[in-house]
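One structure below.
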Amino acid sequence: MLFTRTSSIAIALSFLLLPDSVLAQTELEHAGWISILPPLVAIGLALLLRQVIPALFLGIWIGAWAIAGFSLHGVGTATLRVVDTYILQALAEPDHASVMLFTLLVGGMVGVISKNGGMLGIVESIVVFASSARRAMVSTVGLGLAIFFDDYANTLVVGNTMRPITDRMRVSREKLAYLVDSTAAPIACIALVTTWVGYEVGLIRDAISGIEGLELNAYMVFLNSIAYSFYPVLALVLVFSVVITGRDIGPMRAAEQRARKDGIVAPPTTATSLTSSDMNEVEADEQAPKRAINAIVPILTLIAGVVGGMAATGQGENLREIVGSADPYKSLIWGSLLGCLMAIALSVSQRILSLSQSVAAWFSGARSMMYAIFILVLAWGLSGVTEQLGTAAYLVSQLSDYVHPGLMPAMVFVLAAGTAFATGSSWGTMGILLPLMVPLTWALLTAAGLGDAGHLSVLYATVAAVMGGAVWGDHCSPISDTTILSSMASQCDHVEHVRTQLPYALLAGGAALVIGAIPAGFGVPWWVCMPVAAVILVVILRVFGKTIETHSGTA
C-alpha cells in the first residue's frame, strides 16, 4: 500500500496543524482516506437531505478546506475557492463548455418543436401504438436504442419526446427516467459508432502502447471487450425484462402504483426537482397544426449533423479510424445547432410561428436547462476537488495490491464502480483507470506465466470491466451528469430517480460481477457467462418483481 492507516492519520493531523495546502507542498499521490471525504459528504447529504445543490457545494467546500490544510483561516479561504477556483475551472474547461452549449441548444430545439406542435404530432403518431403503459414503455426503450450515438443526445431527446406519451398512459416519471437513463450510456458505451468509441479507443491505445511485446490494435481490443461488457448488456436485458413483464421491484413499484391507480405521474416536487415552468411557455397553441414532421426533421437533422461532424473532424481510411479520431464535442454542437435552425426554419416557413415567437420558444426551452446545468457545473467542481485530493489514486492503492490476475476483472469493476460513483464521471473514471489497470493486468498475467495470446480474454474482460463499472457508478451516483440529465429530461425529482433506479442497477451490477466478471477472469467463456447472467436476472425479476394494477385493471 502507498499509505497505511497510520500514515493516513498522520496526514489528517498534519492537515489540522498546517495552514497551507498540504498537497501543494508535497508530492503525495493522494491524501489518504481524507480524499474520499468530499464525495462521501456530497452523496450522503444529497440522499439524506434530498437537496443536491447544497450537498454538492458542501462537498466541494470540504475538499477545498482539506486542500487548505483544515486550518482555521482555511474555512474562509475554502468558501471563496469553491467559486473562484473549482466552479470557475469547471466553467472554463472547453469540454464542459461544449456539454453546456449542446444542452442549451437541444433544450432550445425542444422548445421550438414543442411550440410549433411537432412534439404533439409525434405523440399522436406514437400513441396509436402506445395504447397502453407497456407499449408506451416499449416505445421509449426502442427510441432509446435508436438514438445510440451519444448518451447526452439520447437522454435529452428521448426524455422530452416520450414524457407526454408516458404521462398519458400513467407511467411514472421515475420509470421514464429509469428507461431513459438505462438505454443511454449502456448502448453508447458498446455500440460500434458512437461519440464514446473514439474516447475509449484512444485510452486503450495509450494503455497498451507502453506494454512491451504486446502488439494489439486498439480498436480490435475494444471490439473484443464488448463480449465481456456484462453490465451494459445486462442493464439493457433488465430494462427489456421490466418493460415486457410489467414487473417492478423496490420503490419503483410504489411509484408505478401511484401513477397507475391515482394518475399522479410525477413524484412529490422538492428542490431537487429538475422540472421547469419555462417549458409551460412552449406548449403548443390549440390552433397549431400537430405535424410530426416538424419535430422529426429537426431531430433527424441533429443526428445527421452529429454523424456528419464526426466524419468531418475524423481522419483515416476506414470508418474505424475516422470515428477514433473524430471530435465528439464539435460534432454534438454542430448537430444541435443545425437541429435548432431547422426547427425555426420549419416553424417560420409554414407560418406556424413568427421569427420572434420561434426565438422566444427557443429561449424558453434553453432556459429550462439552466437548473440542471448549474448542478452539472457543481458536479464538475467536485470532480476537480477529488482529482486534486487523489481520490482515484487512493482507491487504486487500497484495492490493487496482492491480487490474483484472475480476479482483476472483478476487482477493476468494483474499483471503477466506486470511482464513478464517488466522482460522478464515467469518462473521468475510464480516463483514470484504463491507463493504470490494463498494464497492471498484463504485468500480473506475465508474472503468473500467463502473458500469452491464450489469456488475452482476461485483458479484454479487464478493459470491459473499467467501462462497465464506470457506467454502473454513473447510473447510481446522484452527482452524475447523465443521471442529472435523465431527471431533467423526464422532469422527475432527481433524488427520486436515483432512489428508484438504484435497485435495478444493483441487481444488474451484482449479476455482472458474480456471474460475469469473476468467472470470465478465470477463463469461463463470455458466451457462457452472459446468457446465464441474463437468465438469472429474468428469473429474479419474475420471482421478486410484482405487477402493477392500473385504473382499468390491466398492466
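The values are calculated or read from the model by the stated rules, or taken from the named source; none is laboratory data. Everything numeric in this text was worked out from a predicted model, so none of it was measured. Methodologically, a virtual Cβ is constructed for each residue, glycine included, from the backbone with ideal geometry; neighbour enumeration extends over all protein chains shown.
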Item to complete: Enumerate the pairs (first residue in segment 527-544 and at positive phi and in a helix (DSSP H, G or I); second residue anywhere and at pLDDT below 95 and surrounded by 12 or more Cβ atoms within 10 Å (Cβ to Cβ)) with beta-carbon separation below 7 Å, excluding pairs fewer than 6 apart on the same chain, so at least 6 apart or on different chains.
Response: none
Worksheet item: For ILE515, which of the numbered conditions (1) surrounded by 24 or more Cβ atoms within 10 Å (Cβ to Cβ); (2) within 25 Å of the chain's Cα centre (by Cα); (3) aliphatic (A, V, I, L, M) fails to hold?
Response: (1)
Practice prompt. Scan segment 115-129 for residues that are buried (at least 21 other Cβ atoms within 10 Å of the Cβ) and at pLDDT 80 or above and report the count.
Written response: 5
Item to complete: Run down LEU485, LEU502, LEU506, LEU444 and say which single residue is over 24 Å from the mean Cα position of the chain (by Cα) and not in a loop (DSSP other than H, G, I, E, B).
Response: LEU444
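Using the structure shown, decide if GLY198 is outside any helix (DSSP H, G or I), among the small types (Gly, Ala, Ser), closer than 30 Å to GLY314 by Cα and modelled with pLDDT under 90. Before you say what the answer is, go through the steps one by one.
Details: outside any helix (DSSP H, G or I): no; among the small types (Gly, Ala, Ser): yes; closer than 30 Å to GLY314 by Cα: yes; modelled with pLDDT under 90: yes.
In short, no.
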Practice prompt. Could you tell me whether THR155 is within 15 Å of GLU124 (Cα to Cα) and among the hydroxyl-bearing types (Ser, Thr, Tyr)?
Written response: no
Discussion item. Looking for something outside any helix (DSSP H, G or I), outside the structural domain of LEU176 (by TED's automatic domain parsing) and of a type in the set (D, E, K, R) - is there at least one such residue anywhere in segment 490-499?
Written reply: yes
Response to the item:
Listed by first then second residue, the pairs whose first member lies in segment 291-318 and is touching a residue at least 60 places away in the same chain (Cβ under 8 Å) and farther than 13 Å from THR161 by Cα, whose partner is surrounded by 14 or more Cβ atoms within 10 Å (Cβ to Cβ) and among the hydroxyl-bearing types (Ser, Thr, Tyr), with beta carbons under 6 Å and at least 6 positions apart or on separate chains, are LEU302/SER336; VAL306/SER331; MET310/SER331; GLY314/SER325
